[in-house]
Amino acid sequence: MVHLNKIIVPIFCEVSSDDVKLKTKRYQGFMKEHEKNYKKEDVEKWKVALRIAAQFKGRELLTQGYSNFCKEFISKLLKKIGPRQKFEVDLIGVKNQVQLLKDLMNMESTDIRYIGIHGMGGIGKTSMAKDFFNRFSLRFDYSHFIENVREGLSSIKELMALENELRGNLDQCSRKKNVLLVLDDVDEENQIERLVGNPSRFGPGSRIVLTMRDISVLKRCKILEPQAIFPFEMKMLETPHALQLFSRYAFREDSPPSEFEELTKEAVSTTGNLPLAVIVMGSQLHNATREVWNDTIAKSKKIPMKNVKARLKISYEALEANEQEIFLDIACITYCRQKSRVMDMWTSCEFFPDVALEVLESKSLMKVEKNEWGVEMIWMHDQLSDMGKDIVREESIHPRKRSRLWDGNQARQVLTRKRDMENVQALCLDRSPDLTLTREHLESLDNLRFLVLGDSRLEGDLNNLLPELRYLLWYPLPEFNATNFSLPNLVTLNLSLSSISECWGGWTLLQGAKNLKELSLSGCDKLKMTPYFPESMNLEKLVLNSSSELVTVHDSIGNLKCLKHLGLARTKVIELPQSIGGLKSLVYLSLAFSKIIELPDSIGTLTSLEELDLRYCAELKVLPPHIGNMESLLTLRLPSTVPELPASIGRLNKLQNFFVNDPTITKFFTYKEDQLSVKDECQYLRELPELPSSLVEMYVNCRTLNRVADISRLDNLEHLRLIGGNKVATSNLDAIEKFSKLETLGLHLDLPDDFYMQINFSRLTKLRTLSLFCQNLKDTLQLPAGLSALDLWHVSPQTQLCLLPQNLRSLGFYQCELLVKLPDLSGCTNLRQLVVRDCKMLKEISGVVNFTHLETLEIDKCISLEKIEGLFELHVQSLKHIRISNCKAIVDITDIQSFSRGQREQALSSSSSSS
């Protein structure tokens, strides 16, 4: 069997390619023995097939040993599969620089090179490094790209953590392996020395790429030999390319409109052709009036060409006051880079963050991207971040008079001096358990709205302090010695990963927190019961995920009338209080991976709930009967331990996503909107009850399923697939012909012998894909004219098929055990794919000569097939794939002169595999 457009690597196990080519006595002897037992013409076919197979470049396993061979082969295979990291990069005007960098890398050389890509901020160093990584990472045994080293590793602790992780990965590679390591935005020698380490860690041909503003940082590294360092200086864009880049952002085209051509040239001339400055100015002038253009260009002309930050500051100054505040928060405070953390704070401060972030992104001052876990993160160029920090520093020479203090040591110094700090809006402390803060430290922070306390201690009377505080991140210790600690304007309280318990004295903080929107207690491993929640709270989000010792949810949770999000995943919670039914605003509830045994009956009163996540709740055996009262439920995720679903589930008229998981696998299936999905791993599910008419997609694959309730109400379905167990009982299956929205239909049901399907599929005018078990068909199979893909199972001589649609592009026949001859296929002139498999009585396939667009032909396990009429009269250049295997009776497959060389080799190889 051979596939075109695929990489084929024969592995010669204890033989050589010459053996397989019949150049040695080893296989020649086998062939002579076969000639005694088989027809000579059959043996000749096998010889041809062996010689063709041996022509592919393969790998010989002779003296290398299985272990070494497997390691080497897998390593090279992984390189073929794809890069471990992939970046979106849009480079303009740097083609020559890309080639120069490639030449400097000299990938064929076996020496170890340290490439220092250097240049001013915003010139495109990171983009160049990412482009190189995308192009060449597959050539290396190990590759890794570390972004934002300068900003992301601001503390020794973070640097040590990454150092240990990287050392472990490199040690696994061993010194014989070649490595590609990229460190982006390095500004200190110790970062290089600790993350790169001794050159002896790397194998021959390794490349370590570092981006930096100052190349002397690399040259000063004592652990590196000067001859191993290769500097590469990034150059400014040439003017034509700068004009193109500017136009992309100002006009969303590669060139300006004629009426803006001169203004565009003038604007670009003020940027110094620095890519970041070009992008920011172009974004600022998008859809702007001529007056704004002229004003912006005039301001830019007054700024010295080398003063990039001052030029970028023009865009900052054009922002509204609230947009400037958000910009500075993002630029200065790392914690503000996760969007969901700070939206409530910005909203409470009336910064209108939704609109402001849209403005900032449209001006290319930041962008929102999802990380690998799907969390929205705010990204800002380091040049813009530095500009924002400079703006704050310029507020005063005294740190205590600045609006933001992001450096932990500086913040501690300012606090401990107990001076006036009324201008400070944001303050971030490092973890410092030896620091105790009292009233004297905090009383002048009247305008503080964002505070990171680390694991500092609070002590004494704190009445009426921090009146404007909106966000508090704190890792408090179990002891709490403060009194009268109340934060009336607090909207976000994050106590995650702290060592507090339900007995912690600081829970009094909740008494006066009337404006608190979010409380995060994730990973609090000493917490066994949730705290008391007073009725005065307006909490909207409560997160207790991964608090591994949490067992009890306090009855007072019912007081949280405004609660919308409740996370109890990965806890030891075994039951919920009946008061949970009082959460009339609850939209999301997760108990995934918890120890929950049963749900309270009151859960049916959660009429606003849209998502209920019970995945991997291995102890849950039954659902409450009133679950169908949750009238707003859109998504329901269940464990496979629930043997049956309550009938009330059919009343969930808004249900769009229904999933049942198996606890033994990690990722169960791909989630899609408007979908019901039940897979074969649901070992206990026997009956599918009546379902809500709102479903758009329904996929059921359960071998144990033996009854499907009335489906006649599901007329909104666009995609339906039913794969069921033994003698599935169902009613109103014929109603499917009224599902006018159906585009995809699969019916693989083992129905009772006395049940007949009477569905006129031709009425489904939107149907494009049909897969069908045919043994229970009573009437002629009528098909819609627009059908493009058809798979038929268990077709017999008694099955009545109409003429197949002319537009059919894919056709398959499977397990048609009694079928002797395929139906007339002469009308299928647009067919691209034909698959015939497990048709044991099939003797002949005719009409193939009409398939002038055929790309794929697969015939497998048709042991009686003797002839494929017209196959080799085909003059089909589009044919890409032939597979004919396990067809022992076939004889007419040698006249293939009309095929291309590749197709001939395919057919011959396929034929030999049949024998």
Self-check item: Residue that is nearest to S694 (Cα to Cα), among those in segment 610-660 that are among the aromatic types (F, W, Y) and in a strand (DSSP E or B)
Solution: F658
Exercise. Kindly provide the set of residues from segment 458-476 that are crowded, with 21+ Cβ neighbours inside 10 Å and of a type in the set (S, T, Y), ordered by number.
Key: Y471
Quiz item: What single numbered condition from (1) in contact (Cβ under 8 Å) with a residue 40 or more places away in the chain; (2) farther than 22 Å from P600 by Cα fails to hold for G567?
Solution: (2)
Practice problem: Tell me which residues, restricted to segment 748-784, are modelled with pLDDT of 85 or more and farther than 16 Å from K738 by Cα. | Solution: T769, S771, L772
Self-check item: Set D354, D329, D344: member being in a helix (DSSP H, G or I) and without any contact (Cβ under 8 Å) to a residue 12 or more places away in the chain
Solution: D354
Quiz item: Which one is modelled with the highest pLDDT, of the residues in segment 814-842 that are surrounded by fewer than 16 Cβ atoms within 10 Å (Cβ to Cβ) and of a type in the set (D, E, K, R)?
Solution: K840
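Condition test on S536, is it within 34 Å of the chain's Cα centre (by Cα) and not aromatic (F, W, Y)?
Numbers: within 34 Å of the chain's Cα centre (by Cα): no; not aromatic (F, W, Y): yes.
In short, no.
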Quiz item: Does L365 satisfy being at pLDDT below 90, aliphatic (A, V, I, L, M), open to solvent by less than 40 Å² (accessible area, probe 1.4 Å) and closer than 24 Å to L427 by Cα?
Solution: yes
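Please determine whether any residue of segment 160-182 is of a type outside the set (K, R), open to solvent by 10 Å² or more (accessible area, probe 1.4 Å) and at pLDDT 80 or above.
Yes - at least one qualifying residue is present in segment 160-182.
Kindly provide the set of residues from segment 267-301 that are of a type in the set (G, A, S), farther than 17 Å from G121 by Cβ and open to solvent by less than 10 Å² (accessible area, probe 1.4 Å), ordered by number. Let's see the steps before the verdict.
Filtering segment 267-301 down to residues of a type in the set (G, A, S) leaves 267, 269, 272, 277, 282-283, 288, 298, 300.
Still in the list and also farther than 17 Å from G121 by Cβ: 267, 269, 282-283, 288, 298, 300.
Of everything in segment 267-301, those that are of a type in the set (G, A, S), farther than 17 Å from G121 by Cβ and open to solvent by less than 10 Å² (accessible area, probe 1.4 Å) turn out to be A267, G282, S283, S300.
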Quiz item: Residue check, L623 against (1) closer than 20 Å to L527 by Cα; (2) more than 29 Å from the chain's Cα centre (by Cα), all met but one. Which one?
Solution: (1)
Quiz item: Residues of segment 335-361 being among the polar types (S, T, N, Q) and exposed (fewer than 14 other Cβ atoms within 10 Å of the Cβ), which ones?
Solution: S340
Self-check item: Residues located in segment 86-123, provided they are touching a Ser or Thr at 6+ places or on another chain (Cβ under 7 Å) and open to solvent by less than 30 Å² (accessible area, probe 1.4 Å)
Solution: I117
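Against the definition (modelled with pLDDT under 85, surrounded by 17 or more Cβ atoms within 10 Å (Cβ to Cβ) and among the polar types (S, T, N, Q)), how does T744 come out, yes or no? Write out each step before concluding.
Values: modelled with pLDDT under 85: no; surrounded by 17 or more Cβ atoms within 10 Å (Cβ to Cβ): yes; among the polar types (S, T, N, Q): yes.
Answer is no for this residue.
Collect the residues in segment 281-302 that are within 20 Å of D382 (Cβ to Cβ) and not hydroxyl-bearing (S, T, Y), keeping them in residue-number order.
Start the filter on segment 281-302 by keeping residues that are within 20 Å of D382 (Cβ to Cβ), which leaves 281-284.
Within segment 281-302, M281, G282, Q284 qualify.
Considering only segment 18-55, state which residues are of a type in the set (S, T, N, Q) and in a helix (DSSP H, G or I).
If the condition is that a residue be of a type in the set (S, T, N, Q) and in a helix (DSSP H, G or I), then Q28, N37, Q55 are the ones that fit.
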Exercise. Test E502 against the stated conditions and say whether it is in a loop (DSSP other than H, G, I, E, B), at negative phi, charged (D, E, K, R) and touching a strand residue (DSSP E or B) at 6+ places or on another chain (Cβ under 7 Å).
Key: yes
Exercise. Give me a count of the residues in segment 572-601 that are closer than 14 Å to K621 by Cα, open to solvent by 40 Å² or more (accessible area, probe 1.4 Å) and of a type in the set (S, T, N, Q).
Key: 0
Quiz prompt | Residues being open to solvent by 70 Å² or more (accessible area, probe 1.4 Å) and not charged (D, E, K, R) - total across segment 397-448 | solution = 6
Quiz item: If you go through segment 511-558 one residue at a time, how many are open to solvent by less than 10 Å² (accessible area, probe 1.4 Å) and out of contact with any Ser or Thr (no Cβ under 9 Å at 6 or more places or on another chain)?
Solution: 2
Quiz item: With (1) touching a residue at least 40 places away in the same chain (Cβ under 8 Å); (2) of a type in the set (A, V, I, L, M, F, W, C); (3) in a loop (DSSP other than H, G, I, E, B) as the list, and L473 as the residue in question, which single condition is left unmet?
Solution: (3)
Quiz item: Is it true that some residue in segment 553-573 is in contact with a His (Cβ under 9 Å, 6 or more places away or on another chain) and of a type in the set (A, V, I, L, M, F, W, C)?
Solution: no
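The values are calculated or read from the model by the stated rules, or taken from the named source; none is laboratory data. Treat the numbers as computed from the prediction; the structure is a model and nothing was measured. FYI the Cβ positions are ideal-geometry reconstructions off the backbone, even for glycines, and counts take in every protein chain you see. Only protein heavy atoms, including side chains, enter the accessible area calculation; ligands, DNA and RNA are left aside. Shrake-Rupley method; radii C 1.70, N 1.55, O 1.52, S 1.80 Å.
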